[in-house]
Structure formats: C-alpha cells, structure tokens
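K.L.:
Take a look at this one; I'll ask things after.
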Amino acid sequence: MSTTIHPDSVTFSDLSRNPRAVAERASKLGRVRVTHRDAPDFFLTAADREERRDETLATASRIFIALMKHDPGARELLLAMPDVFPWVRHLSTDEVRAFTVELVDALSDAAELDLDASINEVITGWRATARIKADPEQHADAVLPASGDFGQVEVHP
C-alpha cells in the first residue's frame, strides 16, 4: 500500500462526499488520482481526454507497424530501441528485432483491441532475458539443459 500524496489526488471518501467538486477538478486538471486505503488507486478522467489518448496510441501504433513493413523504417526503429530500452544492449541483434516486432504487435493490440497488459508483459519478459544475459553466471545456468519434472504448469486465461 502506497501512502504517497499526489497534488492531483483526492481520497475515495472525498469522491463519495463531493462528487461534483471532484469531477470539476478532474475536468480542470485533465485527470485526478483517487486514492483508496484498501484498494489500488484509480484515475478519474474526462472521456474526451481518454478518447484522444486512445486515438494517439492507435496512430503511433499504426506508424510503427508501417515502419516495420519497410526495411529502412524497421532499421531506424531497431536503431532507436537502445535509446528507449538501454538494456537491449545485452540482447543479440535477432533478439532486439524479435522484441521490437513483439512490442509493436502489443502496441497495436493495445490501440486496436484495448489490451494494455500485453505491452507490459512483452517489456518485462525481454527485460528479464536481458538481465539474465547480462550476468554471466545466470546466463550460464540458464543455458544448461534441464531435466526432471518441474511440476504442474499454471495456465491463466
């Protein structure tokens, strides 16, 4: 539980006691963080702002997809990845390319299908790969052949 106070935040109690004032504040600021003692924080945002944000994400996603379809564009996108994700220096060129393609696909899914979680999963997975490859001991252990039964695999829908 985080107790960080944000200047653009209100408590859940504030929202329930005075929803009109909180809504006006959210409209004025663009969004307001609503903190809750027993639950994760959430944001109260004007619908038109979120719609513009969704359209921006969709546009950016389409640009990246178009770049990936053309070799010179894909090369430029690949060259930009270390600026955005410095840890890719621990990945091979083929791995950076695979990460880039997966990330662009996840951005497209977020923009077109409202599936935001996959972006974080792609980044987290590739960052973990880079972390292992950056540590020679962990990398040596990771490439050893595995044997035995590692137990039941949990599948989450």
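The values are calculated or read from the model by the stated rules, or taken from the named source; none is laboratory data. Predicted, not measured: the structure shown is a model, and the values here were computed from it. Note: accessible area is taken over every heavy atom of the protein model, side chains too, but ligands, DNA and RNA are not part of it. Shrake-Rupley method; radii C 1.70, N 1.55, O 1.52, S 1.80 Å.
K.L.:
Select from Val96, Val122, Val32 the residue whose mean-square fluctuation is largest in a Gaussian network model of the chain (Cα-Cα springs shorter than 10 Å).
P.N.:
Of Val96, Val122, Val32, the most mobile in the Gaussian network model is Val32.
K.L.:
Go through segment 129-135 residue by residue and turn each phi into a ³J(HN,Hα) via Karplus (6.51, -1.76, 1.60, θ = phi - 60°); whole Hz please, and just put x for glycine and proline.
P.N.:
Once rounded to whole Hz, the list reads 4, 4, 4, 5, 5, 6, 9.
K.L.:
Does anyone have the angle between helix 19-29 and the longest principal axis of the chain? Alpha-carbon axes, 0 to 90°, nearest 10?
P.N.:
Compared with the principal axis, the helix lies near 50 degrees.
K.L.:
Which of Arg127, Arg62, Arg31 ends up with the largest GNM mean-square fluctuation for the chain, with Cα atoms connected below 10 Å?
P.N.:
Arg31
K.L.:
Work out, in µm²/s and without decimals, the Stokes-Einstein translational diffusion coefficient of segment 1-143 at 25 °C, 0.890 mPa s, Rh from Kirkwood over C-alpha pairs.
P.N.:
After rounding, the answer is 136 µm²/s.
K.L.:
Would you mind giving the three semi-axes, in whole Å and largest first, of the ellipsoid equivalent to segment 27-78 according to its Cα gyration tensor?
P.N.:
For segment 27-78, the semi-axes come out at 35, 14, 7 Å.
K.L.:
Pick out which of Asp105, Asp14, Asp54 has the largest mean-square fluctuation in a Gaussian network model of the chain, springs linking Cα atoms closer than 10 Å.
P.N.:
Comparing Asp105, Asp14, Asp54 in the GNM, the peak value goes to Asp14.
K.L.:
How far is helix 93-113 tilted off the main Cα axis of the chain, in degrees rounded to 10, range 0 to 90?
P.N.:
30 degrees
K.L.:
Can you give the angle from 0 to 90° between the axis of helix 71-84 and the longest principal axis of the chain, with both taken from C-alpha atoms, to the nearest 10?
P.N.:
70 degrees
K.L.:
Which value, in Å² rounded to 10, gives the accessible area of Arg25 with a 1.4 Å probe and all protein chains present?
P.N.:
80 Å²
K.L.:
Something else now. Considering amide H positions built from the backbone, and no H for Pro or chain starts, which residues 5 or more places from Asp41, or on another chain, come under 5 Å of its amide H?
P.N.:
Under 5 Å from the amide H of Asp41: His36.
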